[in-house]
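Asks: For reference, the structure I am asking about is given below.
The values are calculated or read from the model by the stated rules, or taken from the named source; none is laboratory data. Computed from a predicted model, the values in this text were never measured in an experiment. As a convention, Cβ positions derive from the backbone with ideal geometry for all residues, glycine included, and neighbour counts pool all protein chains shown.
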């Protein structure tokens, strides 16, 4: 049975059991502050479990792509070292939202495994939750009794809280679980050791294949448990492990989930995969075929490699793969990108994003490979310097701080540094490395740390967003909670009716004010600007975000009466400019597709009152003519004053039929909102102008690259565009006055010509002066044992110093020259060594040693080297040190 058939049989089985089959959600999460990636099948249904949304059906099944490389669930270090851990994996799952519970979940699982997949019953074991006194949780006797109907009692194992109480994170839905383990050992191995002893003991052939989670609780921020409004079932079966069992293999990597990828690696590398666990070559191949899946799916879902957040995680996974191929397969050229086509062929039928985004994924990975391979080469040179310096001091341990700098600043893998050190009979100061790593973690933790308290619920109510139609309203607080971060103590509030748009779709959240009804001199039923200005009871709304389907606004202090009625008002000017910038991104998207081609797709955006940023797929720099054409097309649509057509809460299928663009990586519900300006039609939840004329004018300010195959346009519109042209006009008038000319181009050209002539004259003067200095400095050499040393402190530019040093090297044999300059308040050291002394003195080594005194660095060859620094006060120390040469 192929992996495609196994996947399809699972979905067909639950379809027959009246489950709605839904597509996998994006692997990258954009609207959940507690997670970067989907790490389980239930992630996309979290709002259903918490009661924030109504499920599409009380019964759902799917296959969900998952990523476990950060936080509590992190399998990265195990990948390649065993046969069954992965970064990206598929989780087959079935869910019940307040419908069936333990009995049906257990019955369905047993029927599918033993009757449909025909797994021998004697190969299966199950675990149940044994209870936990510290949490006042009893043993799951219900699950035990339901299992007894299918399997002998001696195959039902008590499991502790670690193994049999499932939690998604530090807070959120959770509950006891019942795991199903499969024993795929040979009969001979089974006769030696009972499978009972190997369950949950990391045996590669006795593995958990399915976990049935019975969601009954919500873990609160304070660590306590509360009952969920309804009981749910959340099951997750490891697709790769299931394939291993059904295809009679002893490793996930021997199934057809991975063998086509492995075959391609063998073809490209010339290395044969043998499946040996301890073989570094085989470990490397397992790492490559695992990691290419994780990276490809993440990029296809819109998460590009970057230096921060989720993008950094993806870049780290990719670099880990490149590092393994470089070290153990000897591949020094980009090649991982060639695996994307294989992955697309194997999984594209179930995951269409791989088909649609194949070119982008391929180009991004290729560019990342090319860049990181250069980093490895650069890192090898730097570690050679560290090694040479260590050996020169007769030491055997590389400084941990230096190895960490290579890792942290240059992305050079620490384990690669260790291997190179071992080849030179050296070790790495692991303690020093760990200390630097911990410092970095603490810095990161300190900058992002936030303590969040539990919600105080004033009223259980379905909150509403009214901000599409009004920017002010009467409202009241339904819940609030305290949060503490590096900036202090704040409160998050949820309003019964909120006019504040929550950050999303690239658009930043609204700011504004709240005024309580008890404020003196303010009539909430007839709010006036003058009253608001004079009111002393104004609460500032600092930001608005969306979390678990709640619109959450941030305020500094909680009102003295949180239960009062409030007047809520959005900052009108900021909203007006934000929606102008948001609407113009739609027009820009359409114009780019018209000018560059339909391969252009939005890959990210940022919309604020001040400016907009738009990222899109395109594989080369846009020339000035095309950029101007795009700008003109957008401004033409603005001048046409096209009216907004808005379609709210329409079925997704209807929106697509109308021609709306749906972006890969975005999570859409059954009902969507479509925004139309003429022929521009997009699914969007943001706020927009009523007609394009409100935008005023559109001006592109910059076009650049953000990653391979991704371009970025930064632009302004509305008030900012008007301010830009007003400022430009003012500057032109000022320049015209200074030049006393209306023909600015001609006047500037004349100034440039004069400047060029003066520069040439100045260079000639400097060279003449340098010749004079050369003659003078010959008298300042100190001679000892036939060798000459010159050390001088000067205030000369680098070019002049270089000319003098090279002249002196020619004219003064057996000499070492050190010039320390403080020109432009920047310390610089230049070292020259005459050709006949280069075998005894190395200018590069000398300058590195002296540069320590000015807190700088540099280098060069044996005959000439320079170093810059930032500590002017260290010049005297460098001077004295140089004299000791």
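Asks: Residue by residue through segment 840-859, note down the ones that are touching a helix residue (DSSP H, G or I) at 6+ places or on another chain (Cβ under 6 Å) and at pLDDT below 90.
Replies: 857, 858, 859 - these are the residues of segment 840-859 that are touching a helix residue (DSSP H, G or I) at 6+ places or on another chain (Cβ under 6 Å) and at pLDDT below 90.
Asks: Out of the strands (runs of 3 or more DSSP E) lying entirely within segment 137-190, which hold 3 or more residues that are closer than 25 Å to residue 204 by Cβ?
Replies: Answer list for segment 137-190: 156-159, 172-183.
Asks: A follow-up question, please. Residue 212: within 22 Å of residue 141 (Cα to Cα) and buried (at least 16 other Cβ atoms within 10 Å of the Cβ), yes or no? Quick ask: steps written out before the conclusion?
Replies: Working: within 22 Å of residue 141 (Cα to Cα): yes; buried (at least 16 other Cβ atoms within 10 Å of the Cβ): yes.
When the stated conditions are applied, residue 212 passes them.
Asks: Next question, about the same structure. Could you tell me whether any residue of segment 117-128 is surrounded by 20 or more Cβ atoms within 10 Å (Cβ to Cβ) and in a helix (DSSP H, G or I)?
Replies: no
For every residue, the table says whether it meets (1) touching a residue at least 60 places away in the same chain (Cβ under 8 Å); (2) within 11 Å of residue 567 (Cα to Cα).
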{"position": "462", "(1), (2)": "no, no"}
{"position": "474", "(1), (2)": "yes, yes"}
{"position": "499", "(1), (2)": "yes, yes"}
{"position": "503", "(1), (2)": "no, no"}
{"position": "508", "(1), (2)": "yes, no"}
{"position": "511", "(1), (2)": "yes, no"}
{"position": "519", "(1), (2)": "no, yes"}
{"position": "526", "(1), (2)": "no, yes"}
{"position": "530", "(1), (2)": "no, no"}
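Asks: Another question, if that's okay. With respect to residue 298, determine if the residue is over 19 Å from residue 412 (Cα atoms) and either assigned by TED's automatic domain parsing to the domain that holds residue 506 or not in a loop (DSSP other than H, G, I, E, B) (or both).
Replies: So residue 298 fits the description; yes.
Asks: Filter segment 839-885 down to residues that are part of a loop (DSSP other than H, G, I, E, B), over 47 Å from the mean Cα position of the chain (by Cα) and loosely packed, with under 14 Cβ neighbours inside 10 Å, then give me how many there are.
Replies: Step one: list which residues in segment 839-885 are part of a loop (DSSP other than H, G, I, E, B), which gives 839-842, 855-856, 861-863, 869-871, 884-885.
Now restrict to residues that are over 47 Å from the mean Cα position of the chain (by Cα): 839-841, 884-885.
If we keep only those that are loosely packed, with under 14 Cβ neighbours inside 10 Å too, we end up with 839-840, 884.
So the count comes out to 3.
Asks: Looking at (1) free of Cβ contacts under 8 Å to residues at least 60 places away in the same chain; (2) over 29 Å from residue 382 (Cα atoms), find the lone condition where residue 789 falls short.
Replies: All conditions are met except number (1).
Asks: While we're looking at this one, here's another question. Would you please list the contacts, defined by Cβ atoms under 6 Å and residues six or more apart or on different chains, that run from a residue in segment 873-884 that is in the same structural domain as residue 822 (by TED's automatic domain parsing) and touching a residue at least 24 places away in the same chain (Cβ under 8 Å) to a residue that is surrounded by fewer than 17 Cβ atoms within 10 Å (Cβ to Cβ) and assigned to a helix (DSSP H, G or I)?
Replies: none
Asks: Which of the residues spanning segment 712-744 are over 46 Å from the mean Cα position of the chain (by Cα) and assigned to a helix (DSSP H, G or I)? It would help to see each step written out before you state the result.
Replies: First, pick out the residues of segment 712-744 that are over 46 Å from the mean Cα position of the chain (by Cα): 736-744.
Passing the criteria: 736, 737, 738, 739, 744.
Asks: Another question about this same structure. Search segment 170-201 for residues being touching a residue at least 40 places away in the same chain (Cβ under 8 Å) and surrounded by fewer than 18 Cβ atoms within 10 Å (Cβ to Cβ), and hand back the single one that is nearest to residue 145 (Cα to Cα).
Replies: Step by step, filter segment 170-201, then rank; the result is 196.
Asks: Going through segment 38-57 one residue at a time, which ones are over 20 Å from residue 19 (Cα atoms), touching a residue at least 60 places away in the same chain (Cβ under 8 Å) and either in contact with a helix residue (DSSP H, G or I) (Cβ under 7 Å, 6 or more places away or on another chain) or surrounded by fewer than 22 Cβ atoms within 10 Å (Cβ to Cβ) (or both)?
Replies: Across segment 38-57, the qualifying residues are 50, 52.
Asks: Given the condition assigned to a loop (DSSP other than H, G, I, E, B), surrounded by fewer than 18 Cβ atoms within 10 Å (Cβ to Cβ), assigned by TED's automatic domain parsing to the domain that holds residue 38 and touching a residue at least 24 places away in the same chain (Cβ under 8 Å), answer yes or no: does some residue in segment 229-247 qualify?
Replies: Yes, segment 229-247 has at least one match.
Asks: Mind checking which residues of segment 656-686 are crowded, with 16+ Cβ neighbours inside 10 Å, touching a strand residue (DSSP E or B) at 6+ places or on another chain (Cβ under 8 Å) and assigned to a strand (DSSP E or B)?
Replies: Matches in segment 656-686: 661, 672, 673, 674, 675, 676, 677, 681, 682, 683.
Asks: Looking at residue 398 and the list (1) within 22 Å of residue 289 (Cβ to Cβ); (2) at pLDDT 90 or above, which single condition is not satisfied?
Replies: Looking at each condition in turn, residue 398 falls short on (1).
Asks: Assess whether residue 284 counts as being in contact (Cβ under 8 Å) with a residue 40 or more places away in the chain and either surrounded by fewer than 21 Cβ atoms within 10 Å (Cβ to Cβ) or farther than 30 Å from residue 481 by Cα (or both).
Replies: Values: in contact (Cβ under 8 Å) with a residue 40 or more places away in the chain: yes; either surrounded by fewer than 21 Cβ atoms within 10 Å (Cβ to Cβ) or farther than 30 Å from residue 481 by Cα (or both): yes.
So residue 284 fits the description; yes.
Asks: Which residues, counting only those in segment 753-800, are loosely packed, with under 14 Cβ neighbours inside 10 Å and assigned to a strand (DSSP E or B)?
Replies: Hits for segment 753-800 are 782, 783, 784.
Asks: Also, I was wondering about something else. Those residues that are under 16 Å from residue 629 (Cα atoms) and either outside the structural domain of residue 632 (by TED's automatic domain parsing) or in a strand (DSSP E or B) (or both), I need them from segment 695-711; list them, please.
Replies: Residues of segment 695-711 that are under 16 Å from residue 629 (Cα atoms), as a first pass: 697-703.
Residues satisfying the conditions are 698, 699, 700, 701, 702, 703.
Asks: I'm checking my understanding of the structure. Among residues of segment 640-655 that are assigned to a helix (DSSP H, G or I) and touching a strand residue (DSSP E or B) at 6+ places or on another chain (Cβ under 9 Å), which one is surrounded by the fewest Cβ atoms within 10 Å (Cβ to Cβ)?
Replies: This residue is 654.
Asks: Here's a follow-up. List the number of the failed condition for residue 206; all other conditions in (1) surrounded by fewer than 20 Cβ atoms within 10 Å (Cβ to Cβ); (2) more than 19 Å from residue 147 (Cα to Cα); (3) touching a strand residue (DSSP E or B) at 6+ places or on another chain (Cβ under 8 Å) hold.
Replies: Of everything listed in (1) surrounded by fewer than 20 Cβ atoms within 10 Å (Cβ to Cβ); (2) more than 19 Å from residue 147 (Cα to Cα); (3) touching a strand residue (DSSP E or B) at 6+ places or on another chain (Cβ under 8 Å), residue 206 misses just condition (1).
Asks: What's the number of the condition residue 600 fails, among (1) touching a helix residue (DSSP H, G or I) at 6+ places or on another chain (Cβ under 8 Å); (2) surrounded by 18 or more Cβ atoms within 10 Å (Cβ to Cβ); (3) touching a residue at least 24 places away in the same chain (Cβ under 8 Å)?
Replies: Every listed condition holds for residue 600 apart from (3).
Asks: Consider residue 515 carefully, then state whether it is in contact (Cβ under 8 Å) with a residue 40 or more places away in the chain, in a strand (DSSP E or B) and in contact with a helix residue (DSSP H, G or I) (Cβ under 8 Å, 6 or more places away or on another chain).
Replies: In short, yes.
Asks: Follow-up. Return the total of residues in segment 248-262 being in contact with a helix residue (DSSP H, G or I) (Cβ under 7 Å, 6 or more places away or on another chain), surrounded by fewer than 18 Cβ atoms within 10 Å (Cβ to Cβ) and in a loop (DSSP other than H, G, I, E, B).
Replies: Of the residues in segment 248-262, 2 are in contact with a helix residue (DSSP H, G or I) (Cβ under 7 Å, 6 or more places away or on another chain), surrounded by fewer than 18 Cβ atoms within 10 Å (Cβ to Cβ) and in a loop (DSSP other than H, G, I, E, B).
Asks: Consider residue 805 carefully, then state whether it is outside any helix (DSSP H, G or I) and touching a strand residue (DSSP E or B) at 6+ places or on another chain (Cβ under 6 Å).
Replies: no
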